[in-house]
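Structure record follows, encoded as structure tokens.
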Amino acid sequence: MDDYQLFRQRVFGPFVPQGGRGIEIGAGFRPTFPKAGGHAVTVVDHCDTATLRAKYERDQNVPRQLVSQIEEVDVVWSGGSYSATRGMPRDVDFVVACHVIEHATDLVGFLADSADLLAPGGHLLLAIPDRRCVLDCCRPVSTLGDVLLAHVAP
């Protein structure tokens with residue numbers, strides 16, 4: 001694990017119960033709570049494991065040691081509701097999504113789906129990029145009106 005993963009694990013760790021079950025959406029090559037580390041997580045991504053590995057093996061910006069961290073994808077998400085996706089577990093203790101929510105076209109739907117997947121008292125753990133350090137820093141900021149409109153009129 002690299003420093004960024006360890007930092008996320010330290011920050012999110014207090015919200016993940018010992019022996020808890022969780023879902024990690026879009027872990028890619030930097031899982032926060034890897035199965036290899038003994039965590040009971042369902043890995044959800046936009047493609048299967050082989051396709052994900054091939055994608056990052058071709059990417060010159062991703063070090064080989066990170067590509068080796070890609071875990072088996074349990075559920076392939078093909079768009080739409082996470083909670084309606086076949087094979088998605090229910091009543092989990094946590095849902096973690098790092099650098100995912102900023103890609104959601106329906107933020108309200110994403111949050112509602114996450115709530116549907118969580119057990120009572122479960123936690124949604126999100127990491128988002130620092131807007132000052134990303135390529136879309138010049139894009140207009142989404143307003144609450146934009147978020148609500150995307151939910152009611154996708």
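For region 55-131, the Cβ-based charge dipole about the Cα centre amounts to some 200 debye (Lys, Arg positive; Asp, Glu negative; other atoms uncharged). Expressed as a whole percent, the proportion of Cα-Cα pairs in region 59-154 lying more than 21 Å apart is 47%. Surface analysis of the chain yields an accessible area of 60 Å² per residue, using protein heavy atoms and a 1.4 Å probe. Label separation (ASP48 vs ILE128): 3.4 nm, computed from points 7 Å beyond Cα along the C-beta direction. In the chain, helical runs assigned H by DSSP with n ≥ 4 each contribute -39500 (n - 2.57); averaged across all residues and rounded to the nearest 500, the mean residue ellipticity at 222 nm is -7500 deg cm²/dmol. Kirkwood radius, region 1-124, all distinct C-alpha pairs, inverse of mean reciprocal distance: 14.8 Å.
Here's the picture: charge each Lys and Arg Cβ at +1 and each Asp and Glu Cβ at -1 in the chain, and of GLY80, GLY122, ALA112 the one pushed furthest to the positive end of that dipole is GLY122. Solvent-accessible surface (1.4 Å probe) assigned to CYS138 amounts to roughly 120 Å². Remark on region 1-58: hydrodynamic radius 12.3 angstrom, per the Kirkwood mean of 1/r across alpha carbon pairs. Annotation: the antiparallel percentage among DSSP beta bridges lying fully within region 8-118 is about 0.
The amide H of HIS123, built 1.01 Å from its N in the peptide plane, has PHE94, VAL95 as neighbours under 5 Å, considering only residues 5 or more places off or on other chains.
Atom-type composition of the exposed protein surface of the chain places 57 percent of the accessible area on carbon and sulfur (1.4 angstrom probe). Relative to the current alpha-carbon distance between ASP116 and TYR4, full extension at 0.36 nm per residue lengthens the span by 37.5 nm. Modelled spin labels at SER83 and LYS55, positioned 7 Å past Cα toward Cβ, are 2.5 nm from each other.
The values are calculated or read from the model by the stated rules, or taken from the named source; none is laboratory data. Source: prediction; values computed, not measured. Please note: Cβ atoms are built from the backbone with ideal geometry, for glycine as well, and neighbour counts cover all protein chains shown. Ligands, DNA and RNA are excluded from the accessible area calculation, which covers all protein heavy atoms including side chains. Shrake-Rupley method; radii C 1.70, N 1.55, O 1.52, S 1.80 Å.
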